[in-house]
Amino acid sequence: MTRVGIISDTHGLVRPEAVAALRGADAILHAGDIGKPEVLAELRALAPLTVVRGNNDHGDWASAVPETALVRFDGVAVYVLHDRAELRRAPAPAEARVVVAGHSHKPLVEERDGVLYVNPGSAGPRRFRLPIAVAELAIDGTNVRARIVELAVG
């Protein structure tokens with residue numbers, strides 16, 4: 001089984017609780033609004049990292065980060081972007097079994113028309129009363145399960 005950690009909207013903050021939740025993952029996906037390049041270095045120290053740029057990622061370091069990514073784990077294609085609303089303009093590739101997006105800071109796992117949509121929520125600074133969270137994919141062959149992991153932060 002492959003365990004994929006998912007994080008988004010760190011906005012420059014890598015909480016120790018997020019590191020603990022992601023530790024042991026076979027890979028990590030960051031769905032944008034990274035905040036600063038040091039975030040990427042911290043996450044790369046945990047596992048291979050796939051990252052996309054968010055609407056708040058600016059500067060030379062951010063221009064090198066792609067807006068979308070398509071990665072495969074076992075037999076499952078996972079499409080990563082920052083804002084799920086962008087799918088209206090440019091749909092996910094047909095082979096995508098999972099779509100990962102952040103932006104809203106609202107954790108979500110839902111399946112529609114055979115596609116699993118996952119928003120890990122925000123692992124960065126708290127916004128409104130939304131939880132601080134990451135997510136996890138458990139992939140076994142072509143079987144995929146997703147769960148939200150709320151982080152207990154002070």
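Quick look at the numbers
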item	result
Cα-based convex hull volume of region 2-150 per residue, rounded to whole Å³	100
Where labels lie 7 Å past Cα in the beta-carbon direction, separation of Arg44 and Asp60 in nm	1.6
Selection from Ala138, Thr10, Ala94 lying farthest towards where the dipole of the chain points positive, charges on Cβ	Thr10
Charged-residue dipole, Cβ positions (Lys, Arg, Asp, Glu), the chain about Cα centre, Debye nearest 20	280
Among His82, Leu40, Thr68 the positive-end extreme of the charge dipole of the chain (Cβ point charges)	His82
In Hz, Karplus ³J(HN,Hα) per residue of region 133-150 (6.51, -1.76, 1.60; θ = phi - 60°; x = Gly, Pro)	8, 10, 9, 9, 9, 10, 10, 10, x, 9, 8, 10, 10, 10, 8, 8, 10, 6
Cut-off under 5 Å, modelled amide H: who pairs with Leu116 long-range	Val98, Val99
Filtered GluC sites (Glu not before Pro), region 48-154: DSSP coil and at most 12 other beta carbons within 10 Å	Glu95
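Throughout, read-outs are computed from the coordinates displayed, never taken from laboratory work. Only a predicted model underlies this, so the values are computations on that prediction, with no experimental measurement involved. Ideal geometry is used to build each Cβ from the backbone, glycine not excepted, and the neighbour counts take in all protein chains shown.
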